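One structure is given below, encoded as structure tokens.
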Amino acid sequence: MSQVNVYSSAPETTQLACAFQNARRAGLGVVVLPIAQLPAVGTTRKELLRLRDQLLEVTQLLANIGLKLDLFETGQLVPDVGEEPGLRAERDSLFARQRGLLASIKALGGGERDG
């Protein structure tokens with residue numbers, strides 16, 4: 001049976017008790033612990049989370065730039081003077097940043113799901 005630890009600063013309410021009961025029926029062991037027992041987040045984990053957030057931001061920026069460049073290429077949107085080369089340069093810079101973030105995440109033991 002898998003176990004799930006739930007940390008709470010308040011006593012278990014009736015609604016939570018019902019939800020936990022359903023989880024228990026599904027084969028999960030639910031243990032409710034006081035929030036004071038919540039394990040501290042290690043600095044490596046904090047750094048990994050920060051890097052993942054940055055990677056998500058960079059990926060979203062790349063998607064937006066890619067969409068805009070696609071619109072330029074199909075003629076659905078006309079770029080301002082210098083806009084297209086500027087976006088291409090920014091895209092190249094973001095690709096380099098993305099590679100650096102992926103390498104840092106891998107070095108911290110982030111695993112495949114981050115790439």
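Taking region 4-45 as the search range and keeping residues that are farther than 28 Å from Ile105 by Cβ and of a type in the set (S, T, N, Q), which one is modelled with the highest pLDDT?
By that ranking, first place goes to Gln37.
Name the pairs: first residue in region 21-32 and in a helix (DSSP H, G or I), second residue among the small types (Gly, Ala, Ser), Cβ to Cβ under 9 Å, at least 6 apart or on different chains?
Every condition considered, the pairs that remain are Ala23/Gly29.
Look at region 1-13 and say how many of its residues are surrounded by fewer than 11 Cβ atoms within 10 Å (Cβ to Cβ) and either touching a residue at least 60 places away in the same chain (Cβ under 8 Å) or in contact with a strand residue (DSSP E or B) (Cβ under 8 Å, 6 or more places away or on another chain) (or both).
The total comes to 4.
More than 18 Å from the chain's Cα centre (by Cα) and either farther than 28 Å from Gln3 by Cα or modelled with pLDDT of 95 or more (or both): does that describe Glu83?
yes
Among the residues of region 14-58 satisfying the criterion of being closer than 24 Å to Ser2 by Cβ and in contact with an Asp or Glu (Cβ under 8 Å, 6 or more places away or on another chain), which is least open to solvent (accessible area, probe 1.4 Å)?
Ranking the qualifying residues of region 14-58, first place goes to Phe20.
Can you tell me which residue is nearest to Arg45 (Cα to Cα) among those in region 62-82 that are open to solvent by less than 70 Å² (accessible area, probe 1.4 Å) and out of contact with any helix residue (DSSP H, G or I) (no Cβ under 8 Å at 6 or more places or on another chain)?
Ala63
Return the pairs, sorted by first residue and then second, in which the second residue is among the aliphatic types (A, V, I, L, M) and open to solvent by less than 70 Å² (accessible area, probe 1.4 Å), the first residue lies in region 65-78 and is in a loop (DSSP other than H, G, I, E, B), the beta carbons are less than 9 Å apart, and the residues are 6+ apart or on different chains.
Leu77/Leu71
Tally the residues that are of a type in the set (Val, Ile, Thr), free of Cβ contacts under 8 Å to residues at least 24 places away in the same chain and in a helix (DSSP H, G or I), restricting the search to region 33-55.
Here the count works out to 1.
The values are calculated or read from the model by the stated rules, or taken from the named source; none is laboratory data. What you see is a predicted model, and the numbers here were worked out from it, not measured in a lab. Here Cβ is always computed from backbone atoms with ideal geometry, including for glycine, and neighbour counts include all displayed protein chains. What goes into the accessible areas is simple: the full protein's heavy atoms, side chains included, and nothing from ligands, DNA or RNA. Shrake-Rupley method; radii C 1.70, N 1.55, O 1.52, S 1.80 Å.
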